[in-house]
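> The structure is given below, and queries will be raised subsequently.
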Amino acid sequence: MGAKHGVPGEGPLDADVMLVGQNPGAEEDETGRPFVGRAGKYLTGVLAEYGIKREDLYITNIVKHASPKNRKPYSDEIAACLPYLETQISLINPKIIVLLGAAAKQTPHVTGIEYFEVIHPSAAMRFPKFKEKFRLQIAELSKQIAQIEF
Ligand code: URA
């Protein structure tokens with residue numbers, strides 16, 4: 001309730017890599033675009049440092065609307081959005097799905113797609129103990145992406 005824009009996702013429809021986050025925050029709600037706020041800028045910057053271009057990825061969230069006061073999505077909200085995500089996965093048919101944070105782990109698992117879990121960028125950005133781990137995870141992701149491309 002109270003969200004201004006749905007944030008379905010963005011990126012090439014033939015992307016090899018799909019990112020799934022939790023749900024949009026305030027800036028995403030304003031713009032209708034995923035991961036454009038502080039956590040998104042941080043994510044985009046770390047990806048770029050490891051040679052991963054944001055514009056090559058399909059970026060979405062498990063829940064497509066912002067929540068009141070940015071609370072975590074409830075399980076019924078996740079359940080309501082899962083069919084949409086399922087359709088996105090089957091249309092885009094990525095080789096790798098990157099799950100950003102705990103909520104994204106509820107993304108449907110499809111045989112043949114590789115799933116790669118990373119810390120949510122908003123936690124990585126805020127807590128030094130997660131920062132290094134996040135960087136190591138993105139470094140590993142970039143190696144896996146290089147393997148699918150060659
Ligand atoms: N956090 C998310 O999980 N998704 C967004 O789109 C923005 C912030």
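Read-outs throughout are calculated quantities, based only on the coordinates presented, and are distinct from any laboratory measurement. Because the structure is a prediction, the values reported are computed rather than measured. Cβ coordinates were reconstructed from backbone atoms using ideal geometry, including for glycine residues, and neighbour counts include every protein chain displayed.
> To the nearest 0.05, what FRET efficiency results for Arg135 and Asp76 with a Förster distance of 35 Å applied to their C-beta separation?
Plugging the Cβ-Cβ distance into 1/(1 + (r/R0)^6) gives 0.50.
> Suppose every K and R has +1 on its Cβ and every D and E has -1 on its Cβ; what is the size of the dipole of region 36-150 about the Cα centre, in Debye to the nearest 20?
620 debye
> Follow-up. Counting only residues 5 or more places away or on other chains, whose amide H sits under 5 Å from the amide H of Tyr115 once H atoms are built in the peptide plane?
The answer is Ile97.
> Using each residue's phi in region 80-88, evaluate 6.51 cos²θ - 1.76 cosθ + 1.60 at θ = phi - 60° and report the 3J(HN,Hα) Karplus result to the nearest Hz, with x for Gly and Pro.
5, 8, 4, x, 5, 5, 4, 5, 4
> Moving on to the next point. Through the Karplus equation 6.51 cos²θ - 1.76 cosθ + 1.60, θ set to phi - 60°, convert the phi angles of region 115-123 into ³J(HN,Hα) values in whole Hz; use x for Gly and Pro.
10, 10, 8, 10, 4, 5, x, 5, 6
> Normalized C-alpha radius of gyration of the chain, against 2.2 N^0.38 Å?
Dividing the Cα Rg of the chain by 2.2 N^0.38 Å gives 0.97.
> Now, a different point. Taking 7 Å along the Cα-to-C-beta vector as the label spot, tell me the Asn93-Arg54 distance in nanometres, rounded to one decimal.
2.9 nm
> Still on this structure, please answer the following. Taking the Cα centre of region 5-97 as origin, sum charge times position over the Cβ atoms of Lys and Arg (+1) and Asp and Glu (-1), and report the length of that vector in debye to the nearest 20.
Computed charge dipole of region 5-97: roughly 280 debye.
> Let me ask something additional. Neighbouring Cβ atoms within 10 Å as the yardstick, rank Lys143, Lys131 fewest first.
Ordered from fewest to most neighbouring Cβ atoms within 10 Å, Lys143, Lys131 come out as Lys143, Lys131.
> Starting with the fewest neighbours, write out Thr107, Thr87, Thr60, Thr31 ranked by other beta-carbon atoms found within 10 Å of each beta-carbon.
Thr87, Thr31, Thr107, Thr60
> Out of residues 5 or more away from Leu19 or on other chains, whose amide H comes under 5 Å of its own, with H placed 1.01 Å from N in the peptide plane?
Tyr58, Ile59, Thr60, Val98
> Ok, one more. Please list, in chain and number order, the residues 5+ apart from His120 or on another chain whose amide H is under 5 Å from its amide H, with Hs placed from the backbone.
Counting only residues 5 or more places away or on other chains, the set is Gly101, Ala102.
> Give, to the nearest whole percent, the P(r) tail of region 1-73 beyond 18 angstrom, counting all Cα pairs.
So the pairs more than 18 Å apart make up 35 percent of the total in region 1-73.
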